[in-house]
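Here's the structure, in structure tokens; my notes come after.
The values are calculated or read from the model by the stated rules, or taken from the named source; none is laboratory data. Just so we're clear, the structure is a prediction, and the values are computed from it rather than from any experiment. Here the Cβ positions follow ideal geometry from the backbone for every residue, glycine too, while neighbour counts run over all protein chains shown. With ligands, DNA and RNA removed, areas are computed over all heavy atoms of the protein, side chains included. Shrake-Rupley method; radii C 1.70, N 1.55, O 1.52, S 1.80 Å.
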Amino acid sequence: MMDTPLTLVSLIERAEKYFSKKEVISRTHTGIQHFTYEEIGKRTRALASALKKLGVEKGDRVGTFAWNHHRHLEAYFAAPSMGAVLHTINIRLSPEHLTYIINHAEDKVLLIDIDLLPLIERVKDELTSVKAFIVMSDEKELPESTLSPLYSYEQLVSDGDENFEYATDIDENDPAGMCYTSATTGKPKGVVYTHRGIFLHSMALSMADTAAISESDRVMPVVPMFHANAWGMPFVSTMLGATQVLPGPMMTPQIIAEMIDKYDVTISAGVPTIWLGLLQELEKGIYDTSHLRAILCGGSAAPKSMIRSYETDFNIPFIHAYGMTETTPIVTLARLKSYQTDLSEEERLDIRSRQGTVVPGLDIKVVDENGDEVEADGEAMGELLIRGPWIADEYYKDDRTKDAFKDGWLYTGDVVTIDNEGSIKIVDRMGDLIKSGGEWISSVDLENTLMAHPAIFEAAVIAVPDPKWQERPVACVVLKPDKLATEAEVLKFLEPQFAKWWLPDKVVFMKEIPKTSVGKFLKRDLREIVNK
Ligand code: ADP
């Protein structure tokens, strides 16, 4: 058959051609703006022409340092469609990591949100490859800044060529994007996405048995566009002409709830801490969320109690998914099979709070330390391995490639069980498993149960060194506002649900659990706090 390349150009051109009237709704620093795909299409071409004028060539990296809004979306397509590589930079990185990744990726141009300029100004003298800075703001006027040369995004777009022809020499295996993992230890690791990988990932997200994203959806990615392509939402939504609702800078649970309500959002995506926060906001009972057909949740384990609250208290269907920066990111998704729909509510919830079955196009296996596949009995633990057309096969110019990519598989570092339905359950990240007296304790299981306690808002469980048992679990707990619980009450709540030796030695009450740049519990910092 015809060997036509699977590139991102076809995604944006499809939106321009067939969905010109459909909308992108964008919250920026000054308010909410509406654009049609016709306008987004023209602006994207104009931006691509401006990048070309600035000297961006095929394969050059174009960095973005921005929230979720229409300009970021335009960059998502302008850079790859002119043959360059979109490098989304995590805005919450430390100055050291920021400098490291911009220099390591050799970004030629940086597109920066106006409120984030100071973060780049702080490191500008260390940057070795950047030839031009572009400020993304609603105004054409340039702000005061020490960055030079500095261009205005809106000026470039209005001076650009809205009929610019995209590159025709793109190979589907050419790089289209890159993102660095938010490394919890050591330096961040770069992952390169190809046109083909992102294209196929977009197709996968639109299948009825996965996220079922379609033209009729109104998609709101809460997961940042600077992290793992906002789980591919901007790409698949543009490909299908779905309405996009981009929630902009500094989003709070209130802003998220208001946007879901006002713009009739049908599907949203984000990490569990976002949804825990939103639950509290929804309890005010003032929002209409009736259009939401799915919340897509991943990045860390979604507590069963949270899934139950969304579905029974608010009638909002919840989909638990699993993935990594290295996997573009979707890998598995928890949905009921047709013959599981008659199971009891509890059994169905159990299935749906697992990480689920692998999406079409990918292969997984679960292996023990000898590399042998473990029994698919829901009990035996092993490391999850993944392969497929949207799975990275190396870290960008990085020696650590050899540790994670072996024999054609990505070694995830995630310890899982797999049941006889092929559904996986994450037990822990390798470094977070607690080894007590020669047996493993899953911090994730304890956390999920703790978060079902009516007074507990968030909980993270970590290992502390123990002279007798090697390690013992300690629970770090944040109570809901106006709720009280003692250590004894919390332990009593866990008691009937776990073997005695699983129970944490201590419950530490905190005001807040430290989080990573993408909102996951930062266990490294917790260990330091608790071990002090
Ligand atoms: P980082 O490694 O910095 O957290 P990623 O966002 O790439 O960056 O995280 C991928 C990791 O997140 C996975 O390896 C896994 O440990 C965890 N993860 C992702 N989704 C889930 C999920 N649904 N349940 C539990 N853990 C998850």
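Rounded, prolate or oblate for the stretch 125-276? Axes are the square roots of the Cα gyration tensor eigenvalues, ordered a ≥ b ≥ c, and the cut-off for rounded is a/c under 1.5. Rounded is the answer for the stretch 125-276, as its axis ratio a/c remains below 1.5. Amide H contacts for residue 428 (H built 1.01 Å from N in the peptide plane; partners 5 or more residues away or on another chain; cut-off under 5 Å): 415. Taking a ≥ b ≥ c as the square roots of the eigenvalues of the Cα gyration tensor, an a/c ratio of 1.5 or more together with a/b no larger than b/c marks the stretch 53-210 as oblate. Mean sequence separation of contacting Cα pairs (under 8 Å, at least six apart), scaled by the length of the chain, corresponds to a relative contact order of 11 percent. Among the listed pairs 42/397; 304/483; 140/189; 365/500; 304/480, those whose Cα-Cα separation exceeds 24 Å are 42/397; 140/189; 365/500. Here's how it looks for residue 510: its modeled amide H is under 5 Å from those of 477, 478, 479, which are all 5 or more places away or on a different chain. So, counting K/R as plus one and D/E as minus one, what does the shell of residues with Cβ under 13 Å around residue 246 add up to? My count for the surroundings of residue 246 gives 0. Compute the signed sum of charges (Lys and Arg +1, Asp and Glu -1) over the other residues within less than 9 Å, Cβ to Cβ, of residue 43. Net charge around residue 43: 0. Across the stretch 134-149, coupling constants 3J(HN,Hα) worked out from phi with the 6.51/-1.76/1.60 Karplus curve, θ = phi - 60°, read 10, 9, 9, 8, 6, 9, 7, 5, 7, x, 4, 7, 8, 7, 7, x Hz, and Gly and Pro carry x.
Projecting the Cα atoms of 123, 248, 280 onto the charge dipole of the chain (Cβ charges, centred on the Cα centre) puts 123 farthest toward the positive pole. Listed by chain and number, the aspartates and glutamates whose C-alpha is less than 14 Å from the C-alpha of residue 523, apart from same-chain residues fewer than 8 away, are 428, 432, 447, 458, 512. Full extension of the chain between residue 346 and residue 511 yields a length gain of 56.2 nm, computed as 0.36 nm times the residue separation minus the alpha carbon distance. For the chain, the fraction of 1.4 Å probe accessible surface lying on carbon and sulfur atoms is 49 percent.
For the chain, the per residue solvent-accessible surface stands at 42 Å², with DNA, RNA and ligands left out and a 1.4 Å probe.
Between the listed residues 355, 270, 442, the Cα displaced farthest toward the positive end of the dipole of the chain, a dipole computed from Cβ unit charges relative to the Cα centre, is found at 270.
Our coupling estimate for the stretch 396-407, obtained by passing each phi through the Karplus curve with A = 6.51, B = -1.76, C = 1.60 and θ = phi - 60°, is 4, 6, 8, 5, 6, 3, 5, 7, 9, 10, 9, 6 Hz, Gly and Pro reported as x.
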